[in-house]
Each structure stands twice: as C-alpha cells, then as structure tokens.
Amino acid sequence: MSDLQTRFDDLRARIAAAALGQATTPVRLLAVSKAQPVAAIAALADLGQRAFGENYVQEALAKIAALAGRDLEWHCIGHLQSNKARDAANAFAWVQSVDRERLISALHTHRDPALPPLNVLIQVNIDAEAGKGGCTPAQVDTLATAIAQAPRLRLRGLMAIPKPHPDPAQRIASFARMAALYQHLRERFPEVDTLSMGMSDDFELAIAQQANLVRVGTALFGARHKHLP
Ligand SMILES: *Cc1c(COP(=O)(O)O)cnc(C)c1O
C-alpha cells in the first residue's frame, strides 16, 4: 500500500471515529491540495477522493485544466481578490472565502448562468485577528441575505480558520462560537447545511463542535512542496 493510501485510510478512519455520535454526520473531507503537484492530486483522486481545495486562483486554474474530465469538485479556500472573481466564479464549484458584499456581487455577475449556482460559504474571522480574511460575526446576517438574493449563488453555510492557539480549550471555544453562529444561520436559511472548520491539527476538535466539512492538507499529502513541477 502506498503512503498516500495509508494516510488517506487513517484520516478517514479518524474522521469517522470523531463523527460517531455527532448529529452532523456525515462529515465530508476536503483534500487541501495547495502546493501539491498534479500527480499527487491525481493519485488521491484514483483512491476515490473527489473534493479538493486550493488557495490561489492561478495555481488552481492550471490544476483544474490538467485534471479536467475527472469529475472533481474544486473549492476555493483562499482569500479572493475581487479582480480574480471572474476566473474563480466559473472554475470552482464552491467558494468558501466569501467575506464582503463586493465579492458577492462580483461572483454573481461572473458566474455563467449555464452552470449550476456557485456554492458559497461565508468566512468568519472568528478570533478577530488583524490582517486575516473573514467577516465579523455581526456581518454574517447581511452577507447571507445578499447571497440568498443572488440566483447564481447558493448559500451553503460558514467557514472559519480559528487562531492556532496552542491551548486546545481556546480553539474549542472558537469552534463552539462558530457552531452557535451556524445554528442561528440555519434558523433563518434552512437550506444551509455546511460548517467548514478543522484542519490537520484540530479536525477532531472541530467535528466535536458540529463541523461537517473538514479541510485537511498536510495530514493527507505530507509536507507541502515549495516548487511545483
Ligand atoms: C492550508 C489550509 C488548510 C489545510 O491546512 P493543513 O494544516 O495542511 O491541514 C485548510 N484550510 C485553509 C483555509 C488552508 O489555507
């Protein structure tokens, strides 16, 4: 068995174990493939993984083109500049990093009406970190309303990257605040079904706080490559 297969199997077993007894099952895995070569993505796709996350639009476009025809589901998880919205709106099936009204209107304007609506998550800067993407918790309602009024977009839920506190209790507290925001959003928008949080170091803690989409890179692929082939 390859190392990749071993890591993939171990990861899925850990996700399933963490999801046991949670109301939010099933928990989906997003394979974060930034800085990983096309060959590694293809190898994981051969093992059955469909959803991949990328942070940079140019890097993603090249990989999406190279792997076209494999029926993969691409998620944009990086900060998205409005001038990249045209490319992002049609290359991805999901954009998880929506955090301002201008980006919502740009994605809506550029999404090809012949494609299904673009799935979007509102990114929340849950620990109010300076210089980090994401809206404030207080802005979620306004952004959700704007997305719900854009027919080429489909509001699916929330995403967060909590501050990497060394103290797990602090991270759990951030995840729990996201879970409360998520429940509140679901009361207003019953179609909302996705809470994206948890990475290699903390996805089990996130699942315990209702995450149902975890974004895992290094625990799956190993260390990121500095130079892409
Ligand atoms: C890189 C990245 C991940 C994956 O991080 P790992 O620690 O490698 O699992 C998840 N989410 C976002 C937004 C990222 O940028």
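Each reported figure results from applying straightforward, stated rules to the coordinates on display, with no laboratory input. Predicted model, so just to flag it, every value in this text is computed and none were measured. Glycine gets a Cβ as well: all are built from the backbone with ideal geometry, and neighbour counts include every protein chain shown.
Numbers at a glance
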| read-out | value |
| --- | --- |
| When residues of region 66-107 are limited to those that are over 24 Å from residue 212 (Cα atoms) and of a type in the set (S, T, N, Q), the one farthest from the ligand (Cβ to nearest atom) | 105 |
| Identity of the residue in region 32-57, among the small types (Gly, Ala, Ser) and either in a strand (DSSP E or B) or without any contact (Cβ under 8 Å) to a residue 12 or more places away in the chain (or both), that ends up nearest to the ligand (Cβ to nearest atom) | 53 |
| Long-range neighbours under 7 Å by Cβ, at least six apart or interchain, first residue under 27 Å from residue 28 (Cα atoms) within region 74-91, second away from the ligand (no atom under 16 Å from the Cβ) and β-branched (Val, Ile, Thr) | 74/64; 91/64 |
| Residues of region 178-225 classified as farther than 17 Å from residue 29 by Cβ and within 15 Å of the ligand (Cβ to nearest atom), total | 4 |
| Only listed residue being without any contact (Cβ under 8 Å) to a residue 24 or more places away in the chain and away from the ligand (no atom under 14 Å from the Cβ), chosen from 166, 151 | 166 |
